[in-house]
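Below is one structure, written out as C-alpha cells; comments come after it.
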Amino acid sequence: MSAAAFANESGTLGRIHTGELDTTHGAVLYLEDISVSFDGFKALNRLSLSIDVGELRCVIGPNGAGKTTMMDVITGKTRPDEGSAYFGQTIDLTRMTEGQIAHAGIGRKFQKPTIFENHSAFENLELAMKADKRVRRALFARLSGAERDRIAETLRLIRLADAADRTAGLLSHGQKQWLEIGMLLMQEPRLLLLDEPVAGMSDDETERTAELFLSLAGKHSLVVVEHDMAFIAKIARQVTVLHEGSVLAEGPMAEVQADPRVVEVYLGR
Amino acid sequence: MSRLYGPSGWAALGIAAVLIAVLPLFLSSYWVTLLGKIMCYAIVAVALDLIWGYCGILSLGHGLFFALGGYAMGMYLMRQIGREGQYQSELPDFMVFLDWKELPWQWWNSDQFWWAALLAVAVPGILAFAFGYAAFRSRVKGVYFSIITQALTFAAMLLFFRNATGFGGNNGFTDFKRILGFTIATPETRMALFMITGAALLGTLLAARWIVSSRLGRVLTAIRDAETRVAFCGYDTVHFKVAIFTLSAVICGIAGALYVPQVGIINPSEMSPANSIEIAIWVALGGRGTLLGPVIGAGVVNGAKSYFTQAFPEYWLYFLGLLFILATIFLPQGIAGLARRLARRRA
C-alpha cells in the first residue's frame, strides 16, 4: 500500500459515512465482466451479477466455482484484473480499500465466527455499533437510551436477549455465528455478505438461522453463499449458480434445480 | 464516579490514601525510602499492564521511559546543587571534569522545576508516540514488537553511556542536595516525596480504572483478542495502540521523575534490557489484565529483592527466575488471579 493510500485510509477510518449510496435504479450491487486469475488459474471469468435492494440472494456452486473470490472482490480483498464492481450507481468498489468498503455499508461474515470472546454479547454489539470510532470519543462514550434500545432490539433479533450479559466465549457455536451477524447488523450495512453461515450448526440452529435471514430480507440486501442445500431450499428466492468462475444459471430455486446443466455440474453429483 | 468502583472499592482506596498520609510518620527513613521506591515501581507496573494486560502488546522497553523521566528530573536536581559540588562550579561536576565550559543545549532551562516536570512526561511521550506509530503502522506485532523495544532501550543505554551525550556517561547523576530549595536528605522531604508518590500511584490506578471501564478499554481488550475484527468494525487500531502506548510511557516518565529524588541516583543501567524484563515479571506475577495485580507483583518482587540482596546476594537472580517459572506454571493469572479463584471457591 502506498503512503498516500494509507494516509487516505487512516484519515477516513473512524469517521461516519452517511448517504452517498445511490440505489435509484433498484440495484444495490452490480458486478460486470469481472475476471480474476491467480497464476494463470481463472478464479472468476467474466462474472456478471446484480443484486436488488432488499433482495435475499443465494449463491451456490461446487468447490472452486469462485464463490469466495467473488466475495473477496466485493469487499476489496482481491482486485479484479478486469471488469467493474459498483455499490449502488456511483460507488466504485474496485478503487476502495477494505476499510472504506466496510464503512460504505458492505458487511461481510466469514466462515469461522470471530467475536470478542472476553466481552459480553451486549458489549460485542456495543463495539460494533455505528458510531464515532476515534480514540477520544471512545474514552468519553456513553450509551444513549436510543443506542441501548437498538442493541436490545438486535439481541432479540439474533435470539440472544437472554444471554446479553454472558461472556461471548461461552456461547454455543450457533450463538456465536448469530452474534457475529448481529455485530454486522449494528453497523447498519446496506449489503450483507454471508459465507457459509450455517456450517457447523445443529439442525435446530440452522432452522432458526433461516428464520432470521428471512426476517432480515427486505430491510437489508443479503448475499448468502452456502453448501447446505436443505438450508438454501428453505430461504432461497433467487439462486445464482456459479461454475468455473462465471454464472451458469440464475432464477428461482425450482427452476435452477431443474436446469440440466446445473444438475450435471453440481446437484446431480 | 460510582461507575469506577463499588462502595467497598472506594473505601479501600480511602484507607490506602490515609495509610499513605500517616505511615511515613511512623516508619524509619529506610522504610520510607524503600516503600517510596516500590510505589514508583508499582506505577510502572500498572503502566505496562495497561498496554500488555489489556491490549496484548508486550513492551520490553518500559525501563527506558522510566529512565528518561528520571533523567529529566535528575538534570534539575543537578542544577539545584549549585556551587556546592566538588569543584564549586555553576556547572555539574562531571562537566567540569570533562573540561566543558558551558552547559550543552540539552540542558537549556534545566534549572526550572516546571521544565523538568514537562520534560519528564514529554520526552517519553514523544518518543513512544513516534516509535509506536512507526511500529504499529508497519504492523509490527507480538514478539517482534517486544524485541525491537528491547533493542530500543539497549540502544538508548549505549547512547547514555557516552560522555558526549551530555548526561554524565556511565556515572549518570548523583550527590543531589536540594529539590525546590528543600534539603533532599531530611526526613521531612522524604516523607513529602513518599506522600506525593503514593498520591501518584493512587491517581494512576484511578486513571487506569477509568480507561479500562470505558469503551476505549473495551476496544483495547478487543484488539488484544481479535484485532482484525476490530478493524472490520471500523476502528483504526493503529490509533488506539499508539494512544495507549504513549500514555503508558508518560506514566512511566512520571514514576521515573519521582524515583530519582528518592533513591538519589540515575545512571544508564536503568535502561539495561534486564530492567525492562523485570518490569514484565512484576506484572506477570501480580496478574495481567487486573489493576491491583501489578501493584502487588511489584511489591512482592521488590520486597523479596531487598531482603535477598542483603541476605543472599548471589542467589537473587536464581530466585527471581524460579519465581517467574513457578508463577507461569502455577499462577497463569498471577497473584490476583489466585485471589479471585479463592474468592470464587468460597462463594
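Using the structure shown, decide if A:Ala65 is within 14 Å of another protein chain (Cβ to nearest Cβ) and buried (at least 19 other Cβ atoms within 10 Å of the Cβ). In short, no.
Can you list the helices (runs of 4 or more DSSP H) found entirely within the range B:78-168 that contain at least 2 residues being modelled with pLDDT of 95 or more, out of contact with any Asp or Glu (no Cβ under 9 Å at 6 or more places or on another chain) and not hydrophobic (A, V, I, L, M, F, W, C)? Please lay out each step first, then the result.
On the way: elements: B:93-97, B:113-137, B:142-161.
It comes to B:113-137, B:142-161.
Name the single residue, out of those in the range A:229-269 being surrounded by 14 or more Cβ atoms within 10 Å (Cβ to Cβ) and under 18 Å from A:Leu192 (Cβ atoms), that is modelled with the lowest pLDDT. Going through the qualifying residues, I end up with A:Ala236.
Has the range B:174-186 got at least one residue that is in a helix (DSSP H, G or I) and over 21 Å from the mean Cα position of the chain (by Cα)? Scanning the range B:174-186, I find no residue that is in a helix (DSSP H, G or I) and over 21 Å from the mean Cα position of the chain (by Cα), so the answer is no.
Can we say A:Leu179 is more than 10 Å from chain B (Cβ to nearest Cβ), assigned to a helix (DSSP H, G or I) and buried (at least 22 other Cβ atoms within 10 Å of the Cβ)? Judged against the criteria, A:Leu179 is a match. Among the residues examined, A:Glu188 qualifies as within 16 Å of the chain's Cα centre (by Cα), assigned to a loop (DSSP other than H, G, I, E, B) and among the charged types (D, E, K, R).
Residues of the range A:209-227 that are buried (at least 17 other Cβ atoms within 10 Å of the Cβ) and of a type outside the set (A, V, I, L, M): A:Thr209, A:Phe213, A:His220, A:Ser221, A:Glu226. For the range A:176-191, the count of residues that are in contact with a helix residue (DSSP H, G or I) (Cβ under 6 Å, 6 or more places away or on another chain) and among the charged types (D, E, K, R) is zero.
Here the range A:102-117 is the region considered, the condition is being charged (D, E, K, R) and within 10 Å of the chain's Cα centre (by Cα), and the residue that is farthest from the other protein chains (Cβ to nearest Cβ) is A:Lys109.
Inspect the range B:33-41 for any residue being crowded, with 22+ Cβ neighbours inside 10 Å, touching a residue at least 40 places away in the same chain (Cβ under 8 Å) and among the polar types (S, T, N, Q) and give the result as yes or no. No; the residues of the range B:33-41 include none that is crowded, with 22+ Cβ neighbours inside 10 Å, touching a residue at least 40 places away in the same chain (Cβ under 8 Å) and among the polar types (S, T, N, Q). Filtering the range A:47-91 to residues that are part of a strand (DSSP E or B) and out of contact with any helix residue (DSSP H, G or I) (no Cβ under 7 Å at 6 or more places or on another chain) leaves A:Ser48, A:Leu49, A:Ser50, A:Ile51, A:Asp52, A:Arg57, A:Glu82, A:Gly83.
Does the range B:294-307 include one or more residues that are hydroxyl-bearing (Ser, Thr, Tyr) and more than 20 Å from B:Gly36 (Cα to Cα)?
No; the residues of the range B:294-307 include none that is hydroxyl-bearing (Ser, Thr, Tyr) and more than 20 Å from B:Gly36 (Cα to Cα).
Name every residue in the range A:131-164 that is without any contact (Cβ under 8 Å) to a residue 60 or more places away in the chain, of a type in the set (Asp, Glu) and within 14 Å of chain B (Cβ to nearest Cβ), in order of residue number. Matches in the range A:131-164: A:Glu147 only. If I ask for residues that are closer than 14 Å to B:Ser276 by Cβ and under 18 Å from the mean Cα position of the chain (by Cα), which ones from the range B:132-161 would you list? Listed by number, the residues that qualify are B:Ser146, B:Thr149, B:Gln150, B:Leu152, B:Thr153, B:Phe154, B:Ala156, B:Met157.
With respect to B:Ala243, is the statement that it is within 10 Å of another protein chain (Cβ to nearest Cβ) and out of contact with any strand residue (DSSP E or B) (no Cβ under 9 Å at 6 or more places or on another chain) true? Working first, answer last.
Values: within 10 Å of another protein chain (Cβ to nearest Cβ): yes; out of contact with any strand residue (DSSP E or B) (no Cβ under 9 Å at 6 or more places or on another chain): yes.
The answer is yes for B:Ala243.
Being in contact with a strand residue (DSSP E or B) (Cβ under 8 Å, 6 or more places away or on another chain), part of a helix (DSSP H, G or I) and farther than 27 Å from A:Leu185 by Cα: is that true of A:Val247 here? No, not satisfied. One residue stands out among those in the range B:256-271 that are under 14 Å from the mean Cα position of the chain (by Cα) and either within 18 Å of B:Leu152 (Cβ to Cβ) or within 14 Å of another protein chain (Cβ to nearest Cβ) (or both): the one that is surrounded by the most Cβ atoms within 10 Å (Cβ to Cβ), which is B:Gly256. The single condition among (1) under 29 Å from B:Lys241 (Cα atoms); (2) surrounded by fewer than 17 Cβ atoms within 10 Å (Cβ to Cβ); (3) modelled with pLDDT of 85 or more; (4) in contact with a His (Cβ under 9 Å, 6 or more places away or on another chain) that A:Gly54 does not satisfy is (1).
Out of contact with any Pro (no Cβ under 7 Å at 6 or more places or on another chain), within 30 Å of A:Ile101 (Cβ to Cβ) and not aliphatic (A, V, I, L, M), is that true of B:Phe245? Spelling it out, B:Phe245 is indeed out of contact with any Pro (no Cβ under 7 Å at 6 or more places or on another chain), within 30 Å of A:Ile101 (Cβ to Cβ) and not aliphatic (A, V, I, L, M).
Checking each residue in the range B:172-219 for being within 14 Å of chain A (Cβ to nearest Cβ) and among the charged types (D, E, K, R) picks out B:Arg209, B:Arg215, B:Arg218. A single member of A:Val263, A:Val198, A:Val256 is farther than 28 Å from A:Pro80 by Cβ, without any contact (Cβ under 8 Å) to a residue 40 or more places away in the chain, touching a helix residue (DSSP H, G or I) at 6+ places or on another chain (Cβ under 7 Å) and of a type in the set (Val, Ile, Thr), and it is A:Val198. Selection of the range A:191-242 for residues being assigned to a helix (DSSP H, G or I) and of a type in the set (D, E, K, R) yields A:Asp203, A:Asp204, A:Glu205, A:Glu207, A:Arg208, A:Glu211, A:Lys234.
Are any residues in the range B:220-240 at the interface with chain A (Cβ under 7 Å from one of its Cβ atoms), acidic (Asp, Glu) and touching a helix residue (DSSP H, G or I) at 6+ places or on another chain (Cβ under 7 Å), and if so, which ones? Passing the criteria: only B:Asp236.
For B:Ala274, the requirement of being under 30 Å from B:Trp10 (Cα atoms) and part of a helix (DSSP H, G or I) is not met.
The values are calculated or read from the model by the stated rules, or taken from the named source; none is laboratory data. Computed from a predicted model, the values in this text were never measured in an experiment. We place every Cβ from the backbone using ideal geometry, glycine too, and count neighbours over all the protein chains shown.
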